[in-house]
Amino acid sequence: MSKATTVNTEPRPSARLSRVVLTLSGLLVLAALASLLWGAGEVGPARALAALAGHGDEEARFVVGTLRLPRTLIGIAVGLALGVAGALLQAVSRNPLAEPGLLGVSAGAAFAVAVALWLGASAATLRVAVAQLGALVGCVGVMSVVRLRGLGDDPVRLVLAGAAFSALLASLTSLLLLFDQRTADEIRFWVVGSLAGRRLDDLVAVLPSLALALAVTGLIARPLAALALGERVASGLGHRPGRVRALVVVAVALLVGGATAIAGPIAFVGLVVPFAARALAGPDIRRTLWLCLPLGPLMVLAADVVSRLVVAPSELPLGVLTALVGAPVLVAVVRARRLPTL
Amino acid sequence: MSLSLPKTPLLAGACLATALAVAVGSAQARTLDTAQGKLEVPDAPERVVTLYEGALDASLAAGVMPVGAVTTRGGDDVARYLEAYLDEARPAVVGVVREINMEAVVGERPDVILAGPSLADAQYALLSKIAPTVVPQSPGVTPQAWKTEARQYGQALGREDAVNAAIDDVEARAAELAERVGVADIGATANLVRWMPQGPLVMSDRLFSAGLLAAVGLEVDDAGLINGRGAHSDPLSLENLSKLQGDWLFLATLNEEGEEALVSAKDSPAFARLPVVENDRVVPVDGQLWTSANGPLAAEAILDDIEAALVP
Amino acid sequence: MSDTLSMPHRDDAERLGAPVGERVAPPPGCWRLARGERHLLIERRALGVGLLLLAVLLAASLAYLCLGQQSLSPAGAFSALRGEGDAMAVFVVQELRLPRLLAAWLTGAAFALAGCLMQTLARNRLATPGIIGIDNGATAFSVASVVGLGVSLAPPAMAMVGAATAAAITFGVASGGDTRGYRFIVAGIGIGAVFGAVTQLLLARVDIDTANAAYPWTVGTLNARSSGAVTGLALGLALAGPLAIALARSLSLMRFGDAVARGLGVELRRRRVQVLALSVLLTALAVAVAGPVGMVALIGPEIARSLASPRGVPLTASALAGALVMVLADLTGRLLLAPIELPVGIVTAVVGGPWLLWILLRTAKRTSP
């Protein structure tokens, strides 16, 4: 199984890797530009471009500067967080299906926010803290329950446990809906992930924890790669597997909780992005993480632009679109002749 | 014939049997035309159960205190605006609109049941075994439908005159308000909106409350976003908020904190730059009243809101 | 997580699979009924468990008929059943409680039987039709019908179409039942997630009144059942129940692993497809009556398994336990917050949730080295 996987123990960021990262970054810039130029409203690309150049009409400047720019920034942050979280979770569980949404981590965050809304909370900062706490509980719960170590050879059980966990949280949310329908009306809209109407303040509130999580990720990338060779090898190289796993849990909780707090639950980004990254760069977690940095935002921004255009003048929630993209990828992973292990 | 039955304290069986007999067999029964065909109802029903906001409103307007009623949508009791018409005698809750508790209805031993226009056939079949069940013939979702429905509820209660008088009062008051609004020259259009974090829902111009706004001279403009389907639009993209070009904006919330919703809406830069916000012509209103209720009493309460906001 | 189904001993397998000659003594704990060439092994414990569950179910059903907004004594409930006594008691028992009780029996049995079948097939206690997204498909379709997306079928029919569609898509993309049906499960979770997103989308776009009308289809309730759907379920259960029992022997062999089952003459691929089809059919019919009450598919077989002997697959016991859970849950929902009724789906979720966690935790403990 994974012990046989050849991992380059001393990889240099090869020329090819940097080329791929550069290309993807270029695409990301294009996606960000598209996100600024197209929207569900009447400000089309020409007017938006003029506004970007500093001389558009007032309406266009408002739409681009006050609505689309924050939204684009939020999309980048959410994509980054979810992509990296997925890669980490998959690496530590050696399971290509371990996705924060499928495992119930996002459901934990969403449920915590629903409870907070129900209790009457509305302050943005509180929501962030609550979502991250919920994600942490969800993450620790799923991980301790399924004992990641034993699951290298059986990815499906982990996913089943996650699905059951998500189902549980979904029914508890229904219970809240039953008791308080006024809040329910707000939750009803909130449980569908979306970038629409989210505020820059929310992003600012989340940024420190996202930065912290990325720093932690940078620290544990190397031990994680060693862990992929097996527990003993990692210990022999001087890493402590237990501590590495704990740090992964914290990082994933911060990332997913933060993303969920700004945008609501958005499934499948954490599955699709690492999947694509591995396809491009191979299984080494250090390379995968590099690729996830541009790929996550790229996927979220592209999906968001599409979500604005298909049903204008309204918008499609982002979570629906990512589910539509993600489900086929999920099936593709499973349809692979043997379930690949990491 | 069972002898053991009357021992159960909660049982009020004999009364129900009598009530059923009165309802069906009485010589004093009248015949109504309902959406479910001809229906015999007792001359002056005393135990009325209402399963629809409009029916409760019309009964209270007719001076009949129902013995049972469903809660307002999204609440756990009848709508707040009705509190003024209730005292110690208030209807027992017999479920919520989406789930009527049949046993609770039976327990109230009604002699007539007033249901909403869209009662399911299966439920009608069950309810009409308990008591004659009035399903009004409704012209559909139009601003004036409530009058037709209220008059039929009035007929069912044998108090058509009282309901007609209440409706006349509403019309007279609306006409008087329309004149004052016209004199004040404060605009001729309005938007009716529910604020959601993702964006506002624009409410249809065919709603009950929209009809009242029109009656006082404010045409409700749904900005072409609804296309005749449903009671409101999809959540509008914030980029399209500038389509709300009415002179007034009525902001409905389902919770009591209307002002809070206004504050949260003003947090959004796209909302804050609307002309109505800059002119301070945004009126927070109770969604229970403005988007769920209908009937003569609701109309009066809405006209109160309009008067207080437009021509204080 | 280890294999969570209790595994019988190998010698049991040989005994079950071995040709049983005339003079072979019945296995311990069994009665053997023989008539000429044909013979039948009746396991005493299974019989006892079945009778026990049946007795508890009948007691719960009596309580169901007696309790509510209008309470009746057991004697009163019986006479009302016969149409005697006062009009109100007769109405409450015959028109309100009895049909709902029957619906609870049928849906509980169908959900639990479907759950037991799929769990056995996947050799995992969490693999129920609800968890792998079949309920989600049903919900999405019936909600689409309620919010009026230009479909003409009634919500119960749409629920059935939805369940079948979700299962068919899943089956299609998973290209049939592979080893243990695992591909099927994961594909189902993915397809279920898509249907779940679609449901959320539909609900978020309609006004609150329509969302309320769709609500029963999102949580599961016995209050708004249609009599046509109940009849359909009764017929389906009458058909699928015996078929499931007929598959019981293959099922109990399939638990040992593919090689053993194949060696003992089980046509694995065909059996898998049959079991899946039965499970989906039962779920679809039950969802059409009560909406997604998927938790019963988890709790019912779990109770049955904890009572029954590990030798066979407790199909009958699962169905009885499922019916029992449904009756008790709906009774609780009717009484707890009266006069407001709690939908049965909420009650089973609140009870089943901690149960689910317990299963996950207990399993984890058992696996940990």
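The values are calculated or read from the model by the stated rules, or taken from the named source; none is laboratory data. Keep in mind it's a predicted model, so treat the numbers as computed, not measured. Backbone-built Cβ (ideal geometry, glycine too); neighbour counts: all protein chains shown.
The table below gives the values:
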| read-out | value |
| --- | --- |
| Pair list, Cβ < 7 Å and 6+ apart or interchain, from region A:19-44 residues that are in contact (Cβ under 8 Å) with a residue 12 or more places away in the chain to residues that are loosely packed, with under 15 Cβ neighbours inside 10 Å | A:Leu37/A:Pro45; A:Trp38/A:Pro45; A:Trp38/A:Leu309 |
| Filter result for C:Ala297 (under 30 Å from C:Arg44 (Cα atoms), within 13 Å of another protein chain (Cβ to nearest Cβ) and part of a helix (DSSP H, G or I)) | yes |
| Test result for B:Ala79, in contact with a Ser or Thr (Cβ under 7 Å, 6 or more places away or on another chain) and more than 19 Å from B:Gln152 (Cβ to Cβ) | yes |
| C:Ala109 vs. criteria surrounded by 16 or more Cβ atoms within 10 Å (Cβ to Cβ), among the small types (Gly, Ala, Ser) and modelled with pLDDT of 90 or more | yes |
| Some residue of region C:56-71 being more than 9 Å from chain B (Cβ to nearest Cβ) and touching a Cys at 6+ places or on another chain (Cβ under 8 Å) | no |
| Extreme residue, nearest to the chain's Cα centre (by Cα), among residues of region C:81-99 that are facing chain B (nearest Cβ under 8 Å) and over 22 Å from C:Met326 (Cα atoms) | C:Phe91 |
| Unique match (being in a loop (DSSP other than H, G, I, E, B), of a type outside the set (Val, Ile, Thr) and outside the structural domain of B:Leu218 (by TED's automatic domain parsing)) among B:Gln152, B:Gln137 | B:Gln137 |
| Every residue from region A:41-63 that is under 19 Å from A:Arg198 (Cα atoms), at the interface with chain B (Cβ under 10 Å from one of its Cβ atoms) and surrounded by fewer than 23 Cβ atoms within 10 Å (Cβ to Cβ) | A:Phe62 |
| Test for B:Val170: is it at pLDDT 90 or above, of a type in the set (Val, Ile, Thr) and either buried (at least 22 other Cβ atoms within 10 Å of the Cβ) or out of contact with any Ser or Thr (no Cβ under 6 Å at 6 or more places or on another chain) (or both) | yes |
| Residue count for region A:199-209, restricted to those that are surrounded by fewer than 22 Cβ atoms within 10 Å (Cβ to Cβ) and either under 14 Å from the mean Cα position of the chain (by Cα) or within 24 Å of A:Ala302 (Cβ to Cβ) (or both) | 4 |
| Residue check for C:Leu307: more than 29 Å from C:Ala140 (Cβ to Cβ), at pLDDT 90 or above and hydrophobic (A, V, I, L, M, F, W, C) | no |
| Residue list for region B:205-247, restricted to those being crowded, with 22+ Cβ neighbours inside 10 Å, within 17 Å of the chain's Cα centre (by Cα) and at pLDDT 80 or above | B:Leu207, B:Phe208, B:Ser209, B:Ala210, B:Leu212, B:Leu213 |
| Check on A:Val128, part of a helix (DSSP H, G or I) and at pLDDT 75 or above | no |
| Those residues of region A:256-284 which are surrounded by fewer than 20 Cβ atoms within 10 Å (Cβ to Cβ) and either among the basic types (Lys, Arg) or without any contact (Cβ under 8 Å) to a residue 12 or more places away in the chain (or both), in sequence order | A:Ala279, A:Gly282 |
| Residues (more than 7 Å from every other protein chain (Cβ to nearest Cβ) and at pLDDT 70 or above) located in region C:343-365 | C:Pro343, C:Val344, C:Gly345, C:Val347, C:Thr348, C:Val351, C:Gly352, C:Pro354, C:Trp355, C:Trp358 |
| Residue selected from region A:285-323 under the condition closer than 15 Å to A:Val273 by Cβ, among the hydrophobic types (A, V, I, L, M, F, W, C) and within 9 Å of another protein chain (Cβ to nearest Cβ), by the criterion surrounded by the most Cβ atoms within 10 Å (Cβ to Cβ) | A:Ala323 |
| Region B:71-91 - residue that is small (Gly, Ala, Ser) and touching a helix residue (DSSP H, G or I) at 6+ places or on another chain (Cβ under 7 Å) and, of those, farthest from C:Arg225 (Cα to Cα) | B:Ala79 |
| Region B:99-114: number of residues that are touching a residue at least 12 places away in the same chain (Cβ under 8 Å), assigned to a loop (DSSP other than H, G, I, E, B) and touching a Pro at 6+ places or on another chain (Cβ under 7 Å) | 1 |
| Check on A:Ala253, over 20 Å from A:Ala31 (Cα atoms), of a type outside the set (D, E, K, R), buried (at least 23 other Cβ atoms within 10 Å of the Cβ) and touching a Cys at 6+ places or on another chain (Cβ under 6 Å) | yes |
| Subset of region A:64-95 [more than 30 Å from A:His239 (Cα to Cα) and within 14 Å of another protein chain (Cβ to nearest Cβ)] | A:Val64, A:Gly65, A:Thr66, A:Leu67, A:Arg68, A:Leu69, A:Pro70, A:Arg71, A:Thr72, A:Ile74 |
| One residue from B:Tyr85, B:Tyr153, B:Tyr124 being within 14 Å of chain C (Cβ to nearest Cβ) and aromatic (Phe, Trp, Tyr) | B:Tyr124 |
| Tally of residues being in a loop (DSSP other than H, G, I, E, B), closer than 18 Å to A:Ala302 by Cβ and hydrophobic (A, V, I, L, M, F, W, C) across region A:19-74 | 2 |
| Given (1) touching a Phe, Trp or Tyr at 6+ places or on another chain (Cβ under 6 Å); (2) more than 16 Å from B:Leu177 (Cβ to Cβ), number of the condition B:Ala301 does not satisfy | (2) |
| C:Ala338 hydrophobic (A, V, I, L, M, F, W, C), surrounded by 24 or more Cβ atoms within 10 Å (Cβ to Cβ) and on the phi < 0 side of the Ramachandran plot | no |
| All positions within region C:79-100 that are touching a Ser or Thr at 6+ places or on another chain (Cβ under 6 Å) and touching a residue at least 24 places away in the same chain (Cβ under 8 Å) | none |
